[in-house]
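The values are calculated or read from the model by the stated rules, or taken from the named source; none is laboratory data. Computed from a predicted model, the values in this text were never measured in an experiment. Cβ atoms come from the backbone with ideal geometry, glycine included; neighbour counts cover every protein chain shown. Keep in mind that these areas ignore ligands, DNA and RNA; they rest on the heavy atoms of the full protein, side chains included. Shrake-Rupley method; radii C 1.70, N 1.55, O 1.52, S 1.80 Å.
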Amino acid sequence: MDTKKNIILTGDRPTGRLHLGHYVGSLKRRVELQNSGKFDAINILIADDQALTDNADNPAKIRDNMIQVALDYLSVGIDPKKSTICVQSALPALHALTFYYMNLVTTARLSRNPTVKAEIQMRGFADEGLPAGFFSYPVSQAADITAFDANVVPVGEDQLPMIEQTREIVEKFNKIYGDTLVLPKAMIPENETQRRLPGVDGKAKMSKSLGNCIYLSDDVKTVKKQVNGKMFTDPQHLRIEDPGHLEGNVVFTYLDALCTDAHFAEFLPDYANLDEMKAHYQRGGLGDGTCKKFLINVLESELAPIRAERAKWEADIDTVYDILREGTAKATEITNATLTRVRKAMRINYFDDRAIVKEWEALLRAAKQ
Ligand code: TRP
């Protein structure tokens, strides 16, 4: 279905505070999109039901992180006047849609989802047993996206398989039941390093258990400790005069993802831009200490305002609660309307009107003739 509207839906699982990887891979972009004025609606879903699919034994963890994620959103500049922040578990239409979409996906197709496959490995579900809810969460994600009639889904690269599956479900639904659902597109960061920021230790992903994250809510001391104490540079760069290497050098990966020419003008006017700095590093003569100091300045110029904004919201959790409640009320209307449309398309909207009584009567009459 073509709504001729530009609608965004995106979300996060509330399993922990959001970190720099979320920020450069998605949050920063969301704020830009929000402020671009190009969208008719922007919906941001705190996906607590999805978080439960692999945390069924620990709902308290999800409950605790609801507020952390909400605070992270507000502190990076998600504006509740422009964007609707809502809570997945409080939207029953999503559950119903998931149930219908389950029938449009085979278990074989679900088994091939590369992101879910990797997550199954990481969580040890292959040995322990795989929860059916976790296995099929891409279907619930399709419900999230379609319930809002979203045509644009800004996400990190790891979410591409989910959007692909959503598109397949939409195509199948529309083919069987008639044109009803909007076909969504993923939107991923153009900058490659922003798509997948490594941990400070150079490991592929920031993860709490590896202790290699920089959280948006970390204080200056922690940020410095992560960069100075843990961040990987070039192990062959022993003396300042030695030529340095950029591959696998996390300091430069982070600079690639974050720094602008303005940062050079402000903090390191020896260079006009990152290319000049890189060239000097590769030539030799630029020390890791200087690079790290610059990175900390760049990080702090991004993180300090976020931290200050968070402090304000933290002092007013009542208001944050109301933002979630009001956003969820708005999302309830939107998603219920989609469910009504879906039930109508499937012709299971029995109690919308009594016309079906006539249809059933005619059927019974015809059977007797
Ligand atoms: N799977 C996403 C993640 O792990 C979270 C999510 C849930 C989501 N529903 C969504 C993202 C809908 C985009 C659209 O980060």
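Each residue was assigned an accessible area with a 1.4 Å probe, and for residue 346 the value is about 40 Å².
Working note: Karplus 6.51/-1.76/1.60 with θ = phi - 60° gives the stretch 253-264 the couplings 4, 5, 5, 4, 7, 10, 8, 10, 4, 4, 4, 5 Hz, where Gly and Pro are set to x. Multiplying the residue separation of residue 319 and residue 304 by 0.36 nm and removing their Cα-Cα distance gives an extension gain of 3.2 nm.
What is the percent carbon and sulfur in the accessible area of the chain, measuring with a 1.4 Å probe over the protein chains and ignoring ligands? Before the final figure, lay out each step's value.
Values: 9880 of 18540 Å².
Looking at the chain in its full context, I get 53 percent from C and S.
With the whole protein complex present, residue 164 retains an accessible surface near 90 Å², based on a 1.4 Å probe.
Heavy-atom accessible area, probed at 1.4 angstrom with all protein chains present, ranks 203, 293 as 293, 203, highest first. Accessible surface ranking for 290, 166, 1.4 angstrom probe, highest first: 290, 166.
A straight line joining the Cα centroids of the stretch 38-60 and the stretch 200-278 runs 31 Å.
Couplings for the stretch 112-128, taken from phi via the Karplus curve 6.51 cos²θ - 1.76 cosθ + 1.60 with θ = phi - 60°, read 8, 5, x, 5, 5, 4, 5, 5, 4, 4, 4, 8, x, 5, 4, 8, 6 Hz in order; Gly and Pro are left as x. Phi angles across the stretch 163-169 convert, under the Karplus curve 6.51 cos²θ - 1.76 cosθ + 1.60 with θ = phi - 60°, into 3J(HN,Hα) values of 5, 4, 5, 4, 4, 5, 5 Hz, Gly and Pro given as x.
Solvent-accessible surface of the stretch 250-318, averaged per residue with a 1.4 angstrom probe and all protein chains in place: 46 square angstrom.
With the simple model of a label 7 Å out from the Cα in the direction of the Cβ, residue 57 to residue 355 spans 5.2 nm. In this structure, residue 329 and residue 4 have a Cβ-Cβ separation that, at R0 = 22 Å, corresponds to a calculated FRET efficiency of about 0.30. Dipole of the chain computed with +1 at Lys/Arg Cβ and -1 at Asp/Glu Cβ about the Cα centre; of 136, 255, 235, farthest Cα towards the positive end is 136.
Net charge around residue 231, counting only other residues with Cβ within less than 11 Å of its Cβ (Lys, Arg = +1; Asp, Glu = -1)? Walk me through the numbers before you get to the answer.
On the way: positive: 224, 225, 230, 292; negative: 201, 288.
The answer is +2.
With the charge dipole of the chain set up from +1 on Lys and Arg Cβ and -1 on Asp and Glu Cβ about the Cα centre, the Cα lying farthest toward the positive end among the listed residues 39, 272, 217 is that of 39. Would you check the accessible area of residue 86, probe 1.4 Å, heavy atoms only, in square angstrom rounded to 10? Taking all protein chains as shown, residue 86 has close to 0 Å². The helix-only estimate of mean residue ellipticity at 222 nm for the chain, built from DSSP H runs of length n ≥ 4 each weighted as -39500 (n - 2.57), is -16500 deg cm²/dmol after division by the residue total.
Normalising the average separation of contacting C-alpha pairs (under 8 angstrom, six or more residues apart) by the number of residues puts the relative contact order of the chain at 21 percent. A 1.4 Å probe over all protein chains sorts 271, 350, 73 by accessible area into 350, 271, 73, starting with the largest. Restricting the stretch 60-151 to trypsin sites (Lys or Arg not before Pro) that sit in a DSSP loop and have at most 16 other Cβ atoms within 10 Å of their own Cβ leaves 81, 82, 112.
Near residue 105: Cβ cut-off under 10 Å, other residues only, Lys/Arg at +1 and Asp/Glu at -1. The net charge is +1. Between 0 and 90 degrees, rounded to the nearest ten: what's the tilt of helix 355-368 against the longest Cα principal axis of the chain? For 355-368 against the chain, the angle is about 50 degrees.
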